[in-house]
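**Student:** Here you go, one structure.
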Amino acid sequence: MSETPASADVPRRKGEPLPDVLRDAGEQMGREELRAYQLTRIQRTLRTAYDQVELYRKKFDAAGVRPEDCRTLEDLARFPCTTKADLRETYPFGMFAVPMSEVRRIHASSGTTGRPTVVGYTEGDISMWSDMVARSIRAAGGRPGHKVHVAYGYGLFTGGLGAHYGAERAGCTVIPVSGGMTARQVQLIQDFEPEIIMVTPSYMLTLLDEFERQGVDPRGTSLRIGIFGAEPWTEEMRAEIEERLDIHAVDIYGLSEVIGPGVAQECVETKDGLHIWEDQFYPEIVDPFTDELQGEGQEGELLFTSLTKEAMPVVRYRTRDLTRLHPGTARPAFRRMDKVTRRCDDMIILRGVNIFPSQVEEILLRTPGIAPHFQLHLGTRGRMDHMTVRAEARPDTGTDRRETAASAITKAIKDGIGLSVAVEIVDPETLERSVGKIRRIVDEREGRG
Ligand code: DLL
């Protein structure tokens with residue numbers, strides 16, 4: 001990949017001048033050139049999907065559309081969307097568009113219910129994915145020669161291997177730690193002196209607590225950049241991590257069905273939303289209820305159509321993530337998306353009041369002694385729905401402070417959201433995690449879950 005020259009200085013800590021960010025040729029396309037490229041690639045994706053994948057053929061036929069009906073980018077909206085249910089229906093390999101002999105790797109996401117979602121990659125797909133994660137690392141300020149501590153889980157989850165291959169492609173030195181063994185992670189960061197850490201934001205907070213437990217000042221480590229994703233995190237959480245670790249904290253977004261991490265990345269220069277790598281993934285926003293296309297700046301559900309993916313092309317895949325699209329800034333051709341803090345299926349309606357987990361997270365972050373690791377339990381008592389917020393205490397929070405915190409949270413939820421809820425403070429690291437993520441909503445109301 002050809003790159004523009006850039007000064008070789010090492011990215012600095014927060015508050016000091018920002019590094020120059022390296023850009024590859026794809027990132028420098030003009031908007032019109034990009035749109036023309038997208039159209040030819042989407043036409044090819046539709047053709048392959050229709051010819052090679054029975055489910056797409058049936059869905060296109062049922063909707064009365066053929067690949068050749070896509071003559072402009074706007075025509076894509078005439079094609080049916082693809083959902084997680086489609087992937088489950090064709091479990092395990094029914095969405096693959098190439099013979100198994102060309103599939104080099106399988107990943108799967110467990111989800112919270114039912115069968116896992118299985119995805120496959122050809123050699124070309126793995127290479128494209130590596131390019132996208134490498135580009136994301138560079139946008140975050142990373143450059144060849146940096147050491148990258150990867151604490152995303154390795155395995156069927158796309159986080160670990162996705163970050164790993166991308167960091168290698170970016171010319172970095174990878175430290176493939178995976179998740180868990182918190183005390184050892186802290187030791188390795190001190191011994192190996194990485195400049196970059198890639199991890200879920202909630203596990204970063206756990207690592208920070210461990211630094212403090214060991215009496216080590218996290219602001220004194222070699223770390224300069226944190227690339228956090230795989231779960232929603234708020235601006236409050238960014239502020240906390242940047243402050244406690246004295247690094248730049250940027251957001252990486254992705255999902256297994258589209259590729260894994262590296263679908264969109266926030267740039268350290270601007271921190272103004274995530275740049276969608278539109279030369280690989282074409283985004284649309286629709287109203288989650290009516291499926292109507294939404295314009296720039298309007299909130300809705302994010303869909304993606306892949307442009308070059310071979311093993312498992314996706315057509316208008318419904319992410320269930322809510323966001324908005326905006327015009328490009330630091331990379332003019334690529335539209336940006338807002339940080340994802342809510343999903344369509346995350347919205348709880350409790351006794352008529354709408355509430356998103358991110359609203360609870362913001363309150364927890366403002367509450368002394370409490371970590372933003374929490375779960376919302378919904379149940380039915382008599383004929384009334386009720387909710388219990390279970391939140392983890394920070395390691396040094398004693399019984400008295402827990403009680404004070406629980407009352408403060410109850411009051412903040414009542415005042416801010418208008419709901420009476422129960423709050424339980426539990427011990428650190430007691431809420432169950434899967435690949436570093438906590439399932440936010442446990443709905444045991446009658447007829448749900
Ligand atoms: O979480 C891929 C990934 C790994 C992304 C490492 C970033 C870093 P899945 O397990 O398939 O894939 O989960 C995808 O996680 O639809 C979002 O709801 C959520 N998600 C991922 N990144 C972010 C983010 C990986 N930066 C689902 N902000 C997605 C908010 C995110 N939510």
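A short reminder: the numbers here are calculations on the coordinates, not readings from a lab. Note that the structure is predicted; figures quoted are calculated from it, not measured.
**Student:** Quick check: convex hull of the Cα atoms in the range 29-104, volume per residue, rounded to a whole Å³?
**Tutor:** In the range 29-104, the Cα hull volume divided by residue count equals 115 Å³.
**Student:** So for the range 165-213, what are the equivalent ellipsoid semi-axes in whole Å, largest first, each being the square root of 5 times an eigenvalue of the Cα gyration tensor? Intermediate results must be reported in sequence, preceding the final value.
**Tutor:** Working: eigenvalues 84, 28, 16 Å².
That gives 21, 12, 9 Å for the three semi-axes.
**Student:** Just subtract the alpha-carbon distance of residue 292 and residue 272 from 0.36 nm times their residue separation and send over the number in nm, one decimal. Mind showing how you got there, number by number?
**Tutor:** Working: separation 20, 0.36 × 20 = 7.20 nm, distance 2.64 nm.
That works out to 4.6 nm of additional length.
**Student:** Can you list the residues, at least 5 places off or on another chain, whose amide H is less than 5 Å from the amide H of residue 308, using H built in the peptide plane?
**Tutor:** none
**Student:** Give me the aspartates and glutamates in straight-line cross-link reach of residue 339: C-alpha distance below 14 Å, same-chain residues under 8 apart excluded.
**Tutor:** Filter leaves 231, 235, 236, 251, 266, 272, 299, 301, 321.
**Student:** Length gain on complete extension for the stretch residue 93 to residue 75, per 0.36 nm per residue less the alpha carbon to alpha carbon distance?
**Tutor:** Once the chain is fully extended between residue 93 and residue 75, it gains 3.6 nm.
**Student:** Once the Cα gyration tensor of the range 125-267 is found, what semi-axes does its equivalent ellipsoid get, as square roots of 5 times the eigenvalues, in whole Å, sorted largest first? Spell out each step's value before the answer.
**Tutor:** Numbers: eigenvalues 102, 47, 39 Å².
They are 23, 15, 14 Å, listed from largest to smallest.
**Student:** May I pose another question? Over the C-alpha atoms of the range 195-236, what are the Rg and the largest Cα-to-Cα span, Dmax, in Å?
**Tutor:** 10.8, 29
**Student:** Taking the C-alpha atoms of the range 14-163, how large are the radius of gyration and the largest Cα-Cα span, Dmax, in Å?
**Tutor:** 18.8, 57
**Student:** Right, another one. For the chain, what is the percent of antiparallel DSSP beta bridges, rounded to the nearest 5? Intermediate values should be presented prior to the final figure.
**Tutor:** On the way: 44 of 69 bridges.
The antiparallel fraction comes to roughly 65 percent.
**Student:** Let me ask something else. Debye calculation, C-alpha points only, no solvent: report log10 I(q)/I(0) for the range 280-334 at q = 0.16, 0.19, 0.30 Å⁻¹, in the same order as the q values.
**Tutor:** For the range 280-334, the Cα-only Debye profile gives -0.51, -0.69, -1.14.
**Student:** Please compute one quarter of the surface area of the Cα convex hull for the chain and express it in square nanometres. Please list the in-between numbers first.
**Tutor:** Details: hull surface 86.8 nm².
Projected area, direction-averaged: 21.7 nm².
**Student:** Please list, or write none, the lysines whose alpha carbon is within less than 29 Å of the alpha carbon of residue 58, excluding same-chain residues fewer than 8 places away.
**Tutor:** 84, 309
**Student:** What is the gain in length, in nm to one decimal, between residue 55 and residue 20 on full extension, counting 0.36 nm per residue of separation less the C-alpha to C-alpha distance? The partial results should precede the final answer.
**Tutor:** Values: separation 35, 0.36 × 35 = 12.60 nm, distance 4.56 nm.
Working it through step by step, the gained length comes to 8.0 nm.
**Student:** What percentages, rounded to whole numbers, describe P(r) for the range 335-449 computed over all alpha carbon pairs with 10 Å bin width beginning at zero?
**Tutor:** 13, 45, 33, 8, 1
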